[in-house]
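Data first, discussion second: the structure below is written as structure tokens.
The values are calculated or read from the model by the stated rules, or taken from the named source; none is laboratory data. Computed from a predicted structure; not experimentally measured. FYI the Cβ positions are ideal-geometry reconstructions off the backbone, even for glycines, and counts take in every protein chain you see.
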């Protein structure tokens, strides 16, 4: 299919990875052939402890390095936190904010996610803003209402397609092996595209990349990535292995 938006496949390593994982990252670079580079942007979001090392290893590899979270402040008395300013200094070019695990485990609200996205913008990082419903919310028929609320509350006004990426991750599909149908994904991504027009403007909304995430793997990537308004993937477990990660990226060529 012809695409007007260059896709992005981003890997979220979550709380996985020691220095020894650099060998696997090197395999990603080695397997990142010309066809993939021409077709799709690649990004890995490792634990904060590996950002600097991977940013160095990524030079010339065609793989961007992102982070998994940031504080809303640039500095201050916030023990254990890391700021967007620090992430940029370490070599990151993007940061995930509002992931469902952060929302569930750390009580993050739409308002706090919005502040983090603003912090990313201040420091020159692209914010990958996550939205998605729980299983109970889907069963209750609240999927579209939940995603609409999260989108409205989490995306700062005046952002451009260079500043943000939206990732739709149905919470019940993350790490479970379950995935919504292509029709379900298409419905949610269409809603996101339509609502973005009200937040960032019609022209910018047409350029914003909307990723799908939730048990994406090489075996289902081509079907999911061919859905209208799906501009790439936010990949969890499958991004830890070069073969799987690049297999997902290969869905775009």
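Looking at segment 40-68, I want the residues that are without any contact (Cβ under 8 Å) to a residue 40 or more places away in the chain and on the phi > 0 side of the Ramachandran plot and have a partner that is part of a strand (DSSP E or B) and buried (at least 18 other Cβ atoms within 10 Å of the Cβ) with Cβ atoms under 7 Å, at least 6 apart or on another chain. Which pairs are those? These pairs meet every condition: 62/42. Of all residues in segment 226-237, those that are assigned to a helix (DSSP H, G or I) and touching a strand residue (DSSP E or B) at 6+ places or on another chain (Cβ under 8 Å) total 0. Which of the residues spanning segment 70-100 are under 14 Å from residue 128 (Cα atoms) and touching a helix residue (DSSP H, G or I) at 6+ places or on another chain (Cβ under 6 Å)? Listed by number, the residues that qualify are 70, 84, 92, 95, 97, 98, 100. Take residue 208 and tell me if it is part of a loop (DSSP other than H, G, I, E, B), buried (at least 21 other Cβ atoms within 10 Å of the Cβ), in contact with a strand residue (DSSP E or B) (Cβ under 7 Å, 6 or more places away or on another chain) and modelled with pLDDT of 95 or more. Here the answer is yes, as residue 208 does meet what is asked.
Among residues of segment 128-148 being in a helix (DSSP H, G or I) and in contact with a helix residue (DSSP H, G or I) (Cβ under 7 Å, 6 or more places away or on another chain), the one that is surrounded by the fewest Cβ atoms within 10 Å (Cβ to Cβ) is 135.
Yes/no per residue for (1) at pLDDT 95 or above; (2) under 16 Å from residue 12 (Cβ atoms); (3) under 15 Å from the mean Cα position of the chain (by Cα):
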site	(1), (2), (3)
162	yes, no, yes
165	yes, yes, yes
177	no, no, no
183	yes, no, no
195	yes, no, no
213	yes, yes, yes
